[in-house]
Amino acid sequence: MLKSRKVKIFFSIFLVSLIFISSLVFLFLQKEKENAVEEDIKGEVDIVGVPYITNSMPISAPVNEEYLFVVKMVDSNTDVNDLVLSLEKGPSWLSLDENVLSGTPLESDKGTYKVSLRVSDGTNSSTKDGYILVE
């Protein structure tokens with residue numbers, strides 16, 4: 001009986017110690033993770049200087065009619081004329097010239113297309129996604 005009680009006491013002390021040590025390790029790892037995220041935010045992201053597209057593209061493109069979208073962009077620390085706009089993803093009938101996204105879909109182009117535009121100031125960039133329904 002005495003031996004069984006000693007085993008229970010030992011096991012209880014061991015279990016409490018294990019829980020305590022595990023909690024300390026968890027808290028330490030959480031703090032390290034928070035510090036790493038904080039460093040990333042402070043060190044690499046300058047939200048003020050990120051260019052972005054201010055208007056939304058039309059979501060509908062009738063067959064055999066010209067689709068036209070004049071892209072408007074801003075950047076707090078770069079002149080608009082120095083921003084670079086690119087078409088990252090879109091249907092083959094759609095093209096980008098200067099800041100104008102245009103094209104004429106055919107009957108065979110009916111469907112929904114994802115379009116991604118990226119604007120960059122050479123340091124920072126942002127992407128605006130949209131969908132175009134050809135009907």
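Taking the highest mean first, how do the peptides 7-18, 100-111 order by number of other beta carbon atoms within 10 angstrom per residue?
In descending order of packing, they fall as 100-111, 7-18.
Pull up the cross-link candidates among the lysines for residue 33, meaning alpha carbon to alpha carbon under 16 Å and not fewer than 8 places away within one chain.
List returned: 42.
Fewest first, what order do 67, 52 take by the number of other Cβ atoms within 10 Å?
Listed from fewest to most nearby Cβ atoms, that is 52, 67.
Hey, what's the per residue convex hull volume over the C-alpha atoms of the chain, in cubic angstrom?
About 174 Å³ per residue, rounded to a whole number.
Mind pulling the angle between the C-alpha long axis of helix 2-44 and the longest principal axis of the chain? Nearest 10 degrees, somewhere in 0 to 90.
Compared with the principal axis, the helix lies near 30 degrees.
Under a straight-distance cross-link criterion of Cα-Cα below 26 Å, which lysines are reachable from residue 72, leaving out those fewer than 8 residues away in the same chain?
Answer for residue 72, where 26 Å is the Cα cut-off: 89, 114, 128, listed by chain and number.
Sketch the reach of a paramagnetic label on residue 70 as a point 7 Å from Cα along Cα-to-Cβ, and name the residues of region 89-110 whose backbone nitrogen lies under 13 Å away.
The answer is 99-101, whose backbone nitrogens lie closer than 13 Å to the label point.
Using R₀ = 35 Å, calculate the FRET efficiency as 1/(1 + (r/R₀)^6) where r is the Cβ-Cβ separation of residue 55 and residue 34; round to 0.05.
Between residue 55 and residue 34 the formula returns 0.40.
The numbers here are math on the coordinates, done by the rules we state, and not lab data. Remember, it's a predicted structure, so these values are computed and weren't measured experimentally. Here the Cβ is made from the backbone with ideal geometry for all residues, glycine too, and neighbour counts use every protein chain on show.
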